[in-house]
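Worksheet: one structure, shown below.
The values are calculated or read from the model by the stated rules, or taken from the named source; none is laboratory data. Bear in mind that the values here come from a model prediction, so they are computed numbers and not experimental data. Don't worry about glycine lacking a Cβ; one is built from the backbone with ideal geometry, like all the others, and counts go over all protein chains shown. Quick note on the areas: whole protein, heavy atoms, side chains included, nothing else; ligands and nucleic acids left out. Shrake-Rupley method; radii C 1.70, N 1.55, O 1.52, S 1.80 Å.
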Amino acid sequence: MPEAPEPESLPCYEERLAAALGTPVEPRGKLYDLRFVTPLSFVVARDPSLRCSRVLVWLRVTGLGADHVREAVEASNQVLHSCLLAYLSDATLIEPVLTTHGMSWLTDVERGASLDHAIWFHRPFRANGWLLYELETTSTFGARGLSHGRFFSREGVLIASVTQEVLIRAACRPQAD
């Protein structure tokens, strides 16, 4: 497992976004909490010296609204935890593709799409506990990027591996005269 600060010591995604935009961002009721260790794409887009192909983010499921879902998670229903992790695995896989090129969702991307996505579960885990997600892009060419991810438990145990190919359509920018 890569070295990373504890998730509680990091600001949440909305706090990082508010700091980058210089304006308050209303927290949304989300299913998950993200705590990025590495710079976010919109920060990298402003400072090209931060470009990198590797992203680290702590994440966990938080917003379990329905009682039957909450009960299933608390009962350690591994199928449900696996489904939740599969959902979470898609939340940030495009980020290393963007940070490799110094692109931002806020200004540079018109559209992004998952072309394929695979996940391998190695060990039991709980999706409502903090998991470190290490992401890296190994190839970017022709509006496509290939990202790989590894999920680690807080104790450093590899629990799942992910691969995804993404398509990015860059936003058209007006030509400078």
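Is it fair to say residue 149 is modelled with pLDDT of 80 or more, open to solvent by less than 40 Å² (accessible area, probe 1.4 Å), of a type outside the set (Ser, Thr, Tyr) and not in a strand (DSSP E or B)?
No; evaluated as a whole, the condition is false for this residue.
Looking for something assigned to a loop (DSSP other than H, G, I, E, B), over 19 Å from residue 44 (Cβ atoms), modelled with pLDDT under 85 and not small (Gly, Ala, Ser) - is there at least one such residue anywhere in the range 69-88?
yes
Can you work out which of the residues in the range 18-33 that are at pLDDT 75 or above and in contact with a helix residue (DSSP H, G or I) (Cβ under 6 Å, 6 or more places away or on another chain) is nearest to residue 127 (Cα to Cα)?
Applying the filter and picking the extreme gives 32.
Could you tell me whether the range 132-140 includes any residue that is open to solvent by less than 50 Å² (accessible area, probe 1.4 Å) and not in a strand (DSSP E or B)?
no
So for the range 95-118 (the condition being in a strand (DSSP E or B) and modelled with pLDDT of 90 or more), does at least one residue qualify?
Yes, the conditions are met somewhere in the range 95-118.
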